[in-house]
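Student: Quick one: the structure is below, questions incoming.
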Amino acid sequence: QVQLVESGGGLVQPGGSLRLSCAASGRTFSSYTMGWFRQLLGKEREFVAAISWSGGRRDYADSVLGRFTISRDNAKNTVYLQMNSLKPDDTAVYYCSAKLGYPDYIRGEKYDYWGQGTQVTVSS
């Protein structure tokens with residue numbers, strides 16, 4: 001069992017930065033692929049980024065490539081999402097998720113555990 005708690009969301013101006021954190025419980029955190037997804041009210045959840053258990057593999061949605069960076073610290077049971085050059089279209093609730101294995105990292109339905117989400121609002 002893995003419990004996930006996101007933090008770091010908030011209101012930021014266009015062009016600004018935020019760093020989201022996701023703290024995980026459980027001693028097997030380092031075994032899991034970790035993903036970030038986002039969802040705007042009334043829209044479908046979309047993939048943002050994923051990182052393999054070792055950090056050796058990272059993948060991003062085209063819409064955030066070059067602006068967002070996913071990382072993890074297995075010693076701290078934490079995964080991060082550094083978001084730079086934020087745009088109003090990045091406004092959403094951001095969710096942290098965990099699954100075993102890396103294949104299908106882009107598919108939300110393949111993840112077993114989810115956090116409660118943290119709101120990110122990009123507005124002037």
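Student: Which value in Å is the Kirkwood Rh of the range 16-69 over different Cα pairs?
Tutor: 12.7
Student: Where the accessible area of the chain is counted over protein heavy atoms with a 1.4 Å probe, how much of it, in %, is carbon and sulfur?
Tutor: Ligands and nucleic acids excluded, carbon and sulfur reach 47 percent.
Student: Taking 30 Å as R0, compute the FRET efficiency from the Cβ-Cβ separation of Q116 and S17 and round it to 0.05.
Tutor: Computed FRET efficiency for Q116 and S17: 0.85.
Student: If each of R58 and V5 carries a label point 7 Å out from its Cα toward its Cβ, how far apart are those two points in nm?
Tutor: My value for the distance between the label points is 2.6 nm.
Student: Take each of the peptides 74-86, 55-67, average the number of other beta-carbon atoms within 10 Å over its residues, and list them starting from the highest.
Tutor: 74-86, 55-67
Student: Could you work out how far apart the two model spin labels at S71 and R27 are, taking each label as a point 7 Å from the Cα in the direction of the beta carbon, and quote it in nm?
Tutor: Label at S71, label at R27, 2.8 nm between them.
Student: Over the range 1-100, with the other protein chains present, what is the accessible area per residue in square angstrom, probe 1.4 angstrom?
Tutor: Dividing the accessible area of the range 1-100 by its residue count gives 51 Å².
Student: In nm, what is the difference between 0.36 nm times the number of residues separating S124 and K87 and their Cα-Cα distance?
Tutor: Here the segment from S124 to K87 would lengthen by 12.3 nm.
Student: Also, I was wondering about something else. Over the chain, how many pairs of lysines fall under 28 Å by alpha carbon, counting only those 8 or more apart in sequence or from different chains?
Tutor: Number of lysine pairs found: 6.
Student: Suppose a student asked you for the relative contact order of the chain, using Cα pairs under 8 Å spaced at least 6 residues apart; what percent would you report?
Tutor: Relative contact order here is 36 percent.
Student: Positive end of the dipole of the chain, charges at C-beta (+1 Lys, Arg; -1 Asp, Glu), about the Cα centre: which of T28, Y105, T121 has its Cα farthest in that direction?
Tutor: So the residue we want is T28.
Student: Evaluate the charge dipole of the chain about its Cα centre and quote only its size in Debye, nearest 20, assuming +1 on the Cβ of each Lys and Arg and -1 on the Cβ of each Asp and Glu.
Tutor: The dipole magnitude comes to about 260 debye.
Student: Give a residue-ordered list of calculated ³J(HN,Hα) values for the range 104-119 (Karplus: 6.51 cos²θ - 1.76 cosθ + 1.60, θ = phi - 60°; whole Hz; x for Gly, Pro).
Tutor: Ordered by residue, 3J(HN,Hα) equals 6, 4, 7, 9, x, 5, 8, 8, 9, 10, 9, x, 8, x, 9, 7 Hz.
Student: How big is the convex hull of the Cα atoms of the chain, per residue, in Å³?
Tutor: Spread over its residues, the Cα hull of the chain gives 91 Å³ apiece.
Student: Could you give the size of the charge dipole of the range 22-81 about its Cα centre, using +1 on the Cβ of each K and R and -1 on the Cβ of each D and E, expressed in debye and rounded to the nearest 20?
Tutor: It comes to approximately 160 debye.
The values are calculated or read from the model by the stated rules, or taken from the named source; none is laboratory data. Treat the numbers as computed from the prediction; the structure is a model and nothing was measured. Methodologically, a virtual Cβ is constructed for each residue, glycine included, from the backbone with ideal geometry; neighbour enumeration extends over all protein chains shown. Keep in mind that these areas ignore ligands, DNA and RNA; they rest on the heavy atoms of the full protein, side chains included. Shrake-Rupley method; radii C 1.70, N 1.55, O 1.52, S 1.80 Å.
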